[in-house]
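The values are calculated or read from the model by the stated rules, or taken from the named source; none is laboratory data. For clarity, every value in this text was computed on a predicted model and none was experimentally measured. So basically every Cβ, Gly included, is an ideal-geometry build from the backbone, and we count neighbours across all protein chains shown. Surface accessibility is based on the protein's heavy atoms, side chains included, excluding ligands, DNA and RNA. Shrake-Rupley method; radii C 1.70, N 1.55, O 1.52, S 1.80 Å.
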Amino acid sequence: MKILKFGGTSVGSVENLHRVREILTADQEDKIVVCSAMSGVTDQLLRLVENIKYGDAEAVTRNLHKLESKHYDVIDQLIEEQGVKNTLKDGVSAIITEMFEISSQEYSETVNSKIVTYGETLLTYIFSGFLNAINITNVLLDAKEFMYVDAVDNPNINKVAKKLTKILEDNIQSKIYITQGFVCRDEAGQISHLKRGGSDYTATIIGSALDASEVQIWTDIDGLHNNDPRYVDQTHPIAHLTYNEAAELAYFGAKILHPQTVSPVVGKDIPVLLKNTFDPEAPGTVISNKTYKKGLKAISAKDGITAIKIKSNRMLMAHGYLRRIFEVFDNFNTSIDMITTSEIAISLTIDNTSNLDEIVKEIQGYAEVTVEQEHSIICIVGESVINDKNSYRLFEILNYIPVRMVSYGGSNNNISILVDTKDKIPTLRFLNEKLFQIQEGVVA
């Protein structure tokens, strides 16, 4: 069995839904299809959550009617038979009624999670009905019945496998199953979600749970590129990446992948293919345990980084000083991305500032703290990249761009630099020229 995930752009219009249908019927292998919400719908739902939070009943009603109308329009364009149209619209209306009932409740994180996951519910309901209407047999699965992941950072694959296997055994056998990405249940069984972009993660969790032959992530770009094509010209897709390389690139900003996508499938060596919905014949990128080539592969950038410099009040850092610093961040559930040390100071970066004030206040009891925001981490990735004979070229950036921090040697597969976000695009372009264009034909 294969797992195919289609993102918001891939299912973002009637024309694109027809493209997805063609991809699904291109072969006869059994498949589970994981769908995101239509592009723009999750943003609508986030605005709806804000309306609920601030008790704006009029805005809630207005936004839910807009959502209903949007999906009615899709049904009208997608379905020819009036009877099928009416049935699907009745179903959408019932879903919207559920959303009205939830919206009338007092705001909570559970209400938030329930609302923001309805985009996937609406899309999969319509798409499954569309396929049935054109005689493509499929079964619609409710992800809330099996995605009991417990903890997002460490999903309980065995629990998901047990619940999903039973559902598949009890259901009508089908070549195609449709389900929702993003939505899950937590340890308490409450509806939760896998964060933005989490449908990728849904696909690999399901892939691992069912020992799938492969997981395909379908987007609007032909694989993971060696640099960000939104800002840099002459980028190209990378044919092969290892799990480690892909994880580094996703964590440090590659938008095509959710940061935790590959983690569920690594131990089972299930390949992940990144494919283009708008060019299905393009080879895309294959992510697996195999190393086809070592050295420089790609560059990615992660924005929203805050740099914190912690200077000891003493000339030399005392024994246990680093531990004391790290415990502060641990106590406030704040991860550190980069870190460098000197004789009397530590510089580090975080991407979650929700507890920044409390962290600074606690550390200021025994050290001077300087905070700088609006920074970006530029990450250069490749198996054994620190041994690549061309890696030295990246340090020429020091002649042109003020670099705040450098992380080298912590991983054989990653060299990272920290720059002001206003310097991100010039840095990406400079590095692309120095590391790839000058070496055209050498670096793949």
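Scan the stretch 25-65 residue by residue and report those that are buried (at least 19 other Cβ atoms within 10 Å of the Cβ) and under 18 Å from Ile178 (Cβ atoms).
Hits for the stretch 25-65 are Lys31, Ile32, Val33, Val34, Cys35, Ser36, Ala37, Met38, Val41.
Condition check: touching a helix residue (DSSP H, G or I) at 6+ places or on another chain (Cβ under 7 Å), outside any helix (DSSP H, G or I) and surrounded by 15 or more Cβ atoms within 10 Å (Cβ to Cβ). Does Ser376 satisfy that? Reasoning before the result, please.
Numbers: touching a helix residue (DSSP H, G or I) at 6+ places or on another chain (Cβ under 7 Å): yes; outside any helix (DSSP H, G or I): yes; surrounded by 15 or more Cβ atoms within 10 Å (Cβ to Cβ): yes.
Answer is yes for this residue.
If you go through the stretch 384-403 one residue at a time, how many are open to solvent by less than 70 Å² (accessible area, probe 1.4 Å), out of contact with any helix residue (DSSP H, G or I) (no Cβ under 7 Å at 6 or more places or on another chain), not polar (S, T, N, Q) and not in a helix (DSSP H, G or I)?
Number of matching residues: 1.
Taking the residues in the stretch 4-18 that are surrounded by fewer than 19 Cβ atoms within 10 Å (Cβ to Cβ) and not small (Gly, Ala, Ser) as candidates, determine which candidate is nearest to the chain's Cα centre (by Cα). Please lay out each step first, then the result.
So in the stretch 4-18, the residues surrounded by fewer than 19 Cβ atoms within 10 Å (Cβ to Cβ) come out as 9, 13-15, 18.
Now narrow it down to the ones that are not small (Gly, Ala, Ser): 9, 14-15, 18.
Details: Thr9: 14, Val14: 24, Glu15: 24, His18: 25 Å.
Restricting to residues being surrounded by fewer than 19 Cβ atoms within 10 Å (Cβ to Cβ) and not small (Gly, Ala, Ser), the top hit is Thr9.
List pairs: first residue in the stretch 260-275 and more than 24 Å from Thr9 (Cβ to Cβ), second residue of a type in the set (D, E, K, R) and modelled with pLDDT under 95 anywhere in the structure, Cβ distance under 8 angstrom, at least six positions apart or on different chains.
Close Cβ pairs satisfying both conditions: none exist.
Pick from the stretch 354-370 the residues that are open to solvent by less than 60 Å² (accessible area, probe 1.4 Å) and more than 12 Å from Phe329 (Cβ to Cβ): which of them is modelled with the lowest pLDDT? Don't jump to the end; show me each part of the working.
Applying the first criterion (open to solvent by less than 60 Å² (accessible area, probe 1.4 Å)) to the stretch 354-370 yields 355-356, 359-360, 363, 366-367, 369.
Within this subset, residues satisfying the condition of being more than 12 Å from Phe329 (Cβ to Cβ) are 366-367, 369.
On the way: Tyr366: 86, Ala367: 90, Val369: 96.
For the stretch 354-370, the residue satisfying everything is Tyr366.
Taking the residues in the stretch 66-96 that are open to solvent by less than 70 Å² (accessible area, probe 1.4 Å) and of a type in the set (Val, Ile, Thr) as candidates, determine which candidate is farthest from Ile134 (Cα to Cα).
Filtering first and then ranking leaves Ile96.
Confirm whether Val139 is without any contact (Cβ under 8 Å) to a residue 40 or more places away in the chain and among the β-branched types (Val, Ile, Thr). Step through it out loud before you land on a result.
Details: without any contact (Cβ under 8 Å) to a residue 40 or more places away in the chain: yes; among the β-branched types (Val, Ile, Thr): yes.
Yes: the conditions hold for Val139.
Report the residue count in the stretch 137-167 for those that are in a loop (DSSP other than H, G, I, E, B), open to solvent by less than 30 Å² (accessible area, probe 1.4 Å) and either out of contact with any Lys or Arg (no Cβ under 8 Å at 6 or more places or on another chain) or under 16 Å from Val11 (Cβ atoms) (or both).
Here the count works out to 2.
Given the options Glu22, Glu80, Glu98, name the one that is charged (D, E, K, R), out of contact with any Cys (no Cβ under 8 Å at 6 or more places or on another chain), closer than 30 Å to Gln173 by Cβ and not in a helix (DSSP H, G or I). Talk me through it step by step, then tell me what you get.
Values: Glu22 fails: not in a helix (DSSP H, G or I); Glu98 fails: not in a helix (DSSP H, G or I).
Going through Glu22, Glu80, Glu98 in turn, the sole match is Glu80.
How about the stretch 203-319: which strands (runs of 3 or more DSSP E) wholly inside it have at least 3 residues that are small (Gly, Ala, Ser) and open to solvent by 60 Å² or more (accessible area, probe 1.4 Å)? Give the derivation first.
Values: elements: 214-219, 240-242, 272-276, 285-288, 298-312.
Counting at least 3 such residues, we get no strands (runs of 3 or more DSSP E) at all.
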